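Peer 1: Have a look at this one before I ask anything.
Where a number appears in this text, it was derived from the coordinates with a stated rule and is not lab data. Quick caveat: nothing in here was measured; it's all calculated off a predicted structure. Every residue, glycine among them, receives a Cβ derived from its backbone with ideal geometry; neighbour counts consider all protein chains shown.
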Amino acid sequence: MNPQQFLSVWMICSTAIIIAIFSTKAFIFLDVQTKKHNHEVNGLRFFLAIGVAFHHFVYSFNFHSGRGWVATGYDINAFMGRFSVAIFFIISGYLFYNKISTKTDWRVFFIKRFLRIAPMALISSAICIFIAISLDDGSFDITKQICNIMYWFDAGLYNLRMNVSSVPNASLINAGVTWTLYWEWSFYFSLPFLSLLMKDGLRLPVVITIIAASYYFIPMADYKAACYAALFAAGFLAKELNFKSQNNFLISILPIALLLVMFYTGSSALSLPLIPLCFAFFVLCNNKNAIYGIFRNKGVTRLGEISYSIYILHGIAWYVLNISIKSTSIIDPCYLFISSMALILIVVICAFTYIAIERPFMKLLDRKNKIVVSNTDNQKVKAL
């Protein structure tokens with residue numbers, strides 16, 4: 001068994017253990033009682049988040065071993081992160097497609113997005129700053145670094161992460177995951193403008209135009225931006241087509257086959273040639289009981305709820321692990337055992353950050369709106 005195969009077995013076992021733990025009654029507080037809940041998209045988000053975590057596991061180990069921020073020799077882990085981000089962007093397009101309307105209250109929309117993204121992003125940044133200062137060689141001077149520190153608290157809006165102490169590459173303390181937030185915010189800012197174009201009967205033509213531009217025009221200026229635009233637009237198209245099937249081959253076997261095809265092409269999922277396959281994968285997975293119903297597993301459903309916390313915090317866990325424990329081999333059994341414990345611990349912590357931070361902030365604006373509505377109704381009653 002080569003190192004990649006050994007590590008793959010470890011990843012599968014660790015994921016299975018985490019799912020089993022979260023399937024117990026101890027995590028019933030994560031259950032969501034709503035008929036509109038999309039189990040497939042929610043469950044898929046957990047596997048994407050854990051995929052990014054395993055992706056950075058190799059990068060973090062190599063970085064702290066002096067090999068640089070690379071994943072040489074671990075093609076599966078390298079693929080997992082890029083593929084997961086690609087599907088995350090498609091999901092964003094899918095979920096926010098219906099928001100593209102002249103009837104949308106954009107003020108409320110952006111406040112909600114800020115309350116959803118910023119709290120955990122700011123906490124992640126605060127932890128990174130604390131770690132960087134803690135590891136400083138003694139030369140840290142807050143009066144000189146205050147401007148650099150402020151850059152970290154932008155919730156990904158411009159995502160400039162300056163070194164704030166003698167620790168080099170401080171942005172890698174959380175594996176640099178906030179780079180995707182920059183593109184998410186760019187996507188959100190584009191929606192009000194798209195709402196002016198997507199009138200009744202023109203929505204699909206506009207979506208097709210965006211995809212065409214992403215392949216034929218935008219790459220000449222910025223290839224990465226073209227890829228991300230195509231992925232968000234692919235989410236729009238998935239919502240527009242609304243493909244539904246109960247065929248077991250289509251929704252359970254074909255997605256796995258597409259995954260294997262994408263991996264064995266040797267190309268990055270964040271590239272224009274593979275985006276149609278990513279799109280097909282998502283469309284097929286977005287069906288009830290897709291991939292043999294794995295997304296509807298109780299533990300997976302709960303883990304899907306905390307996927308953002310997992311995404312934003314896992315890099316810190318790997319960083320602390322690797323500065324605390326030195327291993328000459330990534331597949332050393334002792335190192336992998338400790339890594340499993342660290343992963344389980346950070347996922348459990350994420351369950352509580354979701355309950356204590358994410359969920360309250362998500363509901364904050366809703367509570368304010370209810371108060372406003374209630375006061376308005378009371379005034380109407382008094383007037384009568």
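Peer 1: Can you give the relative contact order of the range 167-281 as a percent, counting alpha carbon pairs under 8 Å and 6+ residues apart?
Peer 2: 22
Peer 1: Excluding same-chain residues fewer than 8 positions from Lys144, which aspartates and glutamates have a Cα within less than 18 Å of its Cα?
Peer 2: Of all the aspartates and glutamates, those that pass the test against Lys144 - Cα under 18 Å, at least 8 places apart if same chain - are Asp136.
Peer 1: What would the Debye formula give as log10 I(q)/I(0) at q = 0.10, 0.17, 0.19, 0.22 Å⁻¹ for the alpha-carbon point model of the range 1-137, no solvent?
Peer 2: Here the Debye-derived log intensity ratios amount to -0.52, -1.26, -1.35, -1.40.
Peer 1: Which trypsin sites (Lys or Arg not before Pro) does the range 206-314 hold that lie in a coil by DSSP with at most 11 other beta carbons within 10 Å? Let's see the in-between values first.
Peer 2: Values: sites: Lys224, Lys239, Lys244, Lys288, Arg296, Lys298, Arg302; in loops: Lys244, Lys288.
Answer in residue order: Lys244.
Peer 1: To continue, here is another question. Expressed as a fraction of 2.2 N^0.38 Å, the rule-of-thumb size for a compact globular protein of N residues, what is the C-alpha radius of gyration of the range 8-55? It would help to have the intermediate numbers written out before the result.
Peer 2: Values: Rg = 12.4 Å, N = 48, 2.2 N^0.38 = 9.6 Å.
Relative to the rule-of-thumb radius for its length, the range 8-55 sits at 1.30.
Peer 1: Using DSSP H assignments, which helices in the chain have an axial alpha-carbon span of 18 Å or above and a mean Kyte-Doolittle hydropathy of -1.0 or higher?
Peer 2: On the way: long enough: 3-22 (28 Å, 1.61); 39-64 (37 Å, 0.55); 75-96 (32 Å, 1.38); 106-134 (41 Å, 1.51); 179-197 (28 Å, 0.73); 203-216 (20 Å, 1.36); 223-241 (26 Å, 0.94); 307-324 (25 Å, 0.96); 333-353 (30 Å, 2.32); 359-383 (36 Å, -0.86).
Passing helices, by number: 3-22, 39-64, 75-96, 106-134, 179-197, 203-216, 223-241, 307-324, 333-353, 359-383.
Peer 1: Please enumerate, by chain and number, the aspartates and glutamates with C-alpha under 19 Å from the C-alpha of Lys36, excluding those fewer than 8 residues away in the same chain.
Peer 2: Filter leaves Glu240, Glu305, Asp366.
Peer 1: Are any of the pairs Lys25/Lys103; Lys199/Lys298; Lys239/Lys363 more than 31 Å apart by Cα-Cα distance, and if so, which?
Peer 2: Lys25/Lys103; Lys199/Lys298
Peer 1: With charges only on Cβ, +1 for K and R and -1 for D and E, what is the dipole size of the chain about its Cα centre, in debye, rounded to 20?
Peer 2: Value, rounded to 20: 1420 debye.
Peer 1: Ok, one more. Apply the Kirkwood formula to the range 234-357: the hydrodynamic radius equals the inverse of the mean of 1/r over all pairs of different alpha-carbon atoms; give it in Å with one decimal. Numbers along the way, then the final one.
Peer 2: Working: mean 1/r = 0.0578 Å⁻¹.
That comes to 17.3 Å for the range 234-357.
Peer 1: Counting only helical runs of four or more DSSP H residues, what would the 222 nm mean residue ellipticity of the chain come to if each run contributes -39,500 (n - 2.57) and the total is spread over all its residues?
Peer 2: For the chain, the value works out to -22500 deg cm²/dmol.
Peer 1: For Cα pairs less than 8 Å apart in space and 6+ apart in sequence, what is the mean separation divided by the residue count of the chain, i.e. the relative contact order in percent? Working shown, then result.
Peer 2: On the way: 459 pairs, mean separation 108.6, N = 384.
Computed over the chain, the figure is 28 percent.
Peer 1: Still on this structure, please answer the following. Assuming R0 = 45 Å, what is the FRET efficiency of Arg107 and Met1, from their Cβ-Cβ distance, to the nearest 0.05?
Peer 2: Working from the Cβ atoms, E equals 0.20.
Peer 1: Considering the Cα trace of the chain, what is its radius of gyration and what is Dmax, both in angstroms?
Peer 2: Taking only Cα atoms of the chain, I get Rg and Dmax of 21.8, 79 Å.
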